[in-house]
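**Student:** The structure is given below, and queries will be raised subsequently.
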Amino acid sequence: MNKTEEFKGISELIDLYREMDEMIEAFIDDTGIVCPPSCGTCCTVPAGNLEASVFEVMPLALDLWDRGRAEAVLDMLGGIADDRCCIFYHPEIPEGEQGHCSIYKFRPLVCRLFGYWSRFDKYGRIQNCICPKIILPGDGGAARGEKPLPVMSEFAIRAASLNPVYGAARIPLNRALIEALSFVGMKRSYCPGTGCSG
């Protein structure tokens with residue numbers, strides 16, 4: 001069984017993440033608005049201020065179990081307070097890496113959208129929310145581009161609907177990862193290869 005089929009909605013969540021990434025890439029190509037090289041400011045926020053559902057970090061949990069790193073990560077998370085930043089953030093960029101995030105491919109919704117998302121204002125109009133650290137093009141960013149940015153609330157609802165049991169509640173990032181790792185480990189221990197629902 002494919003690991004993305006092992007848990008309800010994981011394949012669809014990965015497709016949703018791909019859709020968001022493509023929208024953001026199209027916006028960057030259209031506007032020239034980009035993150036400063038090697039910035040990482042968004043990752044220095046205390047993890048208690050970043051919320052994700054258990055479901056949003058399930059692809060990461062699956063990957064960590066597949067690579068034999070889940071128990072070590074659980075041990076690290078056990079001693080981490082919510083006022084510390086994400087354990088996957090590296091202040092110094094490791095040799096050969098492009099950024100500070102060591103799990104970039106599996107980052108949850110809040111990390112994917114930080115700096116490049118939109119919301120509805122009080123009049124129902126779409127309002128782009130760009131990180132103030134992001135480099136604006138030479139025209140000062142006057143041209144906002146024609147490509148849309150993902151609407152945070154819409155993508156959060158779509159992600160939650162894929163697995164309502166584990167996708168509805170948003171909790172601090174480190175706690176969401178602890179719960180996802182624990183759930184995946186338990187399910188694999190008690191239901192190995194059976195495809196029992198989850």
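**Student:** In straight Cα distance, which lysines are under 30 Å from residue 133, not counting same-chain residues fewer than 8 positions off?
**Tutor:** 105, 122, 147
**Student:** Taking the Cβ of residue 46 as the centre, find all other residues whose Cβ is under 13 Å away and add up their charges (Lys, Arg: +1; Asp, Glu: -1).
**Tutor:** Cβ neighbours under 13 Å give a net charge of -1.
**Student:** Continuing with this model, one more query. Over all alpha-carbon pairs in the stretch 1-81, figure out the percentage whose distance exceeds 20 Å. Present the calculation step by step, with values, prior to reporting the outcome.
**Tutor:** Values: 1783 of 3240 pairs.
That tail contains 55 percent of the Cα-Cα pairs.
**Student:** Here's something else I'd like to know. So what's the stretch 3-190 giving for Cα Rg divided by 2.2 N^0.38 Å, two decimals?
**Tutor:** The value comes to 1.06.
**Student:** Also, I was wondering about something else. I want the local charge near residue 171. Using Cβ-Cβ distances under 12 Å, sum +1 for each Lys or Arg and -1 for each Asp or Glu among the other residues.
**Tutor:** Neighbour charge sum, excluding residue 171 itself: -2.
**Student:** In the stretch 67-136, how does Rg compare with the Kirkwood Rh, expressed as the Rg/Rh ratio over alpha carbon atoms?
**Tutor:** 1.08
The numbers here are math on the coordinates, done by the rules we state, and not lab data. Values in this document were obtained by computation on a predicted structure and should not be read as measured data. Counting neighbours? That spans all protein chains shown, and the Cβs are built from the backbone with ideal geometry, glycine included.
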